[in-house]
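The values are calculated or read from the model by the stated rules, or taken from the named source; none is laboratory data. Fair warning: this is a prediction, and the values are worked out from it, not measured in the lab. Heads up, the Cβs are rebuilt from the backbone with ideal geometry, glycines too, and the neighbour counts pull from every protein chain shown.
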Amino acid sequence: MLNVPPQAFPAPSSQQRVAAGGRAKVPLKPGRSLMDWIRLTKSGRDLTGLKGRLIEVTEDELAKHNKKEDCWICIRGFVYNVTPYMEYHPGGEDELMKAAGADGTDLFDQVHRWVNYESMLKECLVGRMAVKPIAAPKGMLPEKKVLGASARDLTPSYDWFQTDSLITIVIYTKQKDMNAELVIVDCQDKRLRGEIIVDDHSYLVEVDLDHAVQEDMAVNIAEKVGKVEFILKKKDNIHWKMLGQALESHNTFIKRTERGLFYRQCKLVSKTEVTHDTKLLCLMLPRSTHLCVPIGQHVYLKQTIAGTDVVKPYTPVLPFLPLDFKEPPRHDGAHLYLMIKIYSCGLFTQALDHLQIGDYISVSNPEGNFKKSQVQTSEDLFLLAAGTGFTPMVKLLNFALTEVGCLRTVRLIFFNKTEDDILWRNQLEQLALKDERFEVQFILSQPTKDWVGKQGKISSSLLSECVKRSRKDSKVLICICGPTPFTEQGVQYLKDLGYSQEEIHTFTA
Ligand code: FAD
Ligand code: NAP
């Protein structure tokens, strides 16, 4: 059992109260944390009122359960009695009530597609919809998108061929600027899953292979012509009659947001201290996985805590900052580095902290809305980070200083409580000495009396002092990341100072 005092959280600023992405934050009553909910689901109480029976629910029946004290919601064809969950919902009762007695799939996907509701609400399952729901159930064979004549021509296609020892699957993406970040491949046992990202769409090859293959696999990308090859080594040099059995989502081209999150098991290979409460975790991807997390994107980690799957987002960093320009840090493709603050009352981070070297954890495909081109066209880059909100800035800094020629100023304004909380302070100071374009400013909200640097919190006056165009009309990009209220206030102050929405990027899940 986890050692979590039930009354201690969610604390006022906990992620369980403060929803990411600027959504409503609702103070939950004491004893209504995620851990409390997990406890309730394990208590053996009948949470559906159906004494364990599963029923077929008609639309008329669903519609009747539309009150706070009797609320059913349909998600992907399954109906849940969410009445007992009301007080535990981090987004508040009113958000849940928006889908009361109706199909809440679209609303759910818009707000938190990544939350593992199947596990979280399993004790609330009433049954299936008797008639076809409005949104296609997850896992059913999705229809191929009919996109209109010109768009349909852009649907990727695949082919395969073999030699005595190799199987090559070729994907014609019909996309010119293919790169490694747009290709995610996993081959576990005989199951091959290859995803190609084309703008906001995803093409999938998903097959149960006819025969076993070896663990190591190569991915070749012909960037200019948009051809991607997965080269698999046969375990036995026999002739394959077919590639294998197509799985449910094989050969589909759908919106990325409609694709379920895919997880693979990664091994924890090292855990090093960054500060008194923050650690750098190095996770090793399986040999048969090809995955590069783009700048500004996060992955979801999934752990089973007291029998319930809990999912939280984390933004991969580099193992260190680009101090040696001869050899800038590069992602070697095999490891993911995560800088994670361990909260003393944190449900997820406490469980993470208990992982031992050699243990495995589930890691999802990357997600996020940052585009490199936003930096490539900028002359002045400002990074406003609070606490671990520094994590998306790491790869961004590396990219800006090593690959973007037109940047004149790169300034990190880093908000922390105390000096001891500053992440990679030495590296940042060294980087500022090495690269004259880069400046770092530390601002402490709870400094000791010895602190001679700036102190305070994010404010309009502070931003007007620290964020300035290097020339009257220079192109500027301001990236902000930290606790949601910090980010929201920052955006508001910047807008008040005359910066446009296009000049501001916030990192959210
Ligand atoms: P919870 O159980 O949610 O909270 C329990 C306790 O933790 C609270 O009582 C409180 O004491 C403390 N706590 C939690 N959140 C806060 C907070 N914001 N401020 C103060 N106290 C808090 N975190 C990282 O460490 N590294 C990352 O790279 C990272 N990337 C993220 C990327 C995205 C897109 C988002 C939305 C969040 C990211 N986070 C990151 C935060 C992370 O997802 C979790 O919210 C965090 O690890 C807390 O999880 P928990 O379950 O341990 O805490
Ligand atoms: P923290 O140490 O609690 O706070 C860092 C600094 O921000 C402190 O100076 C703190 O001042 C200030 N601050 C906190 N809340 C504030 C608010 N409401 N308004 C103004 N200033 C505020 O931060 P942390 O524990 O590391 O948390 C980092 C946050 O970043 C988490 O919420 C995490 O979810 C988020 N994050 C998001 C992403 C992403 O990509 N979206 C990535 C990583 C992290 P005080 O003295 O007032 O506390």
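Here are a few things to note about the model shown:
- Note on the stretch 271-309: residues that are within 21 Å of the chain's Cα centre (by Cα) and either at positive phi or within 15 Å of ligand 2 (Cβ to nearest atom) (or both) total 13.
- Members of the stretch 462-509 found to be among the polar types (S, T, N, Q) and exposed (fewer than 15 other Cβ atoms within 10 Å of the Cβ), listed by number: SER464, SER470, SER474, GLN492, SER500, GLN501
- Listed by first and then second residue, the pairs with beta-carbon distance under 6 Å, at least 6 apart or on different chains, first residue in the stretch 428-453 and over 22 Å from ARG469 (Cα atoms), second of a type in the set (Ser, Thr, Tyr) and at pLDDT below 95, form an empty list.
- All positions within the stretch 218-265 that are closer than 17 Å to ILE197 by Cα and among the small types (Gly, Ala, Ser): ALA222, GLY226, SER249, GLY260
- Annotation: of all residues in the stretch 334-371 being among the hydroxyl-bearing types (Ser, Thr, Tyr) and away from ligand 2 (no atom under 12 Å from the Cβ), the one that is surrounded by the fewest Cβ atoms within 10 Å (Cβ to Cβ) is TYR360.
- Qualifying residue in the stretch 445-461 (condition: within 30 Å of ASP199 (Cα to Cα), out of contact with any Phe, Trp or Tyr (no Cβ under 9 Å at 6 or more places or on another chain) and in a loop (DSSP other than H, G, I, E, B)): no
- Test: residue in the stretch 406-422 that is more than 15 Å from ligand 2 (Cβ to nearest atom), outside any strand (DSSP E or B) and among the hydrophobic types (A, V, I, L, M, F, W, C): yes
- Yes/no for THR48 being β-branched (Val, Ile, Thr), surrounded by 13 or more Cβ atoms within 10 Å (Cβ to Cβ), out of contact with any His (no Cβ under 7 Å at 6 or more places or on another chain) and at pLDDT 90 or above: yes
- Of all residue pairs spaced 6 or more apart or on separate chains, those with beta-carbon atoms under 9 Å, a first member in the stretch 383-394 that is more than 6 Å from ligand 2 (Cβ to nearest atom) and a second member that is modelled with pLDDT of 95 or more and among the basic types (Lys, Arg) are LEU383/ARG411.
- For beta carbons closer than 6 Å, sequence separation of 6+ or different chains, a first residue in the stretch 248-261 that is farther than 15 Å from THR173 by Cα and among the hydrophobic types (A, V, I, L, M, F, W, C) and a second that is at pLDDT 95 or above and surrounded by 17 or more Cβ atoms within 10 Å (Cβ to Cβ), the qualifying pairs are LEU261/SER364.
- Scanning the stretch 258-267 for residues that are under 30 Å from ASN426 (Cβ atoms), in contact with a Leu (Cβ under 8 Å, 6 or more places away or on another chain) and part of a strand (DSSP E or B) turns up at least one hit.
- With respect to the conditions (1) under 23 Å from LYS371 (Cα atoms); (2) over 27 Å from the mean Cα position of the chain (by Cα); (3) aromatic (Phe, Trp, Tyr), PHE486 lacks only one, and its number is (2).
- Close contacts from the stretch 363-377, counting a first residue that is in a loop (DSSP other than H, G, I, E, B) and a second that is small (Gly, Ala, Ser), with Cβ to Cβ under 9 Å and a gap of 6+ residues or different chains, come to GLY368/GLY296; GLY368/ALA509; ASN369/GLY296; PHE370/GLY296; LYS371/GLY296; LYS372/GLY296.
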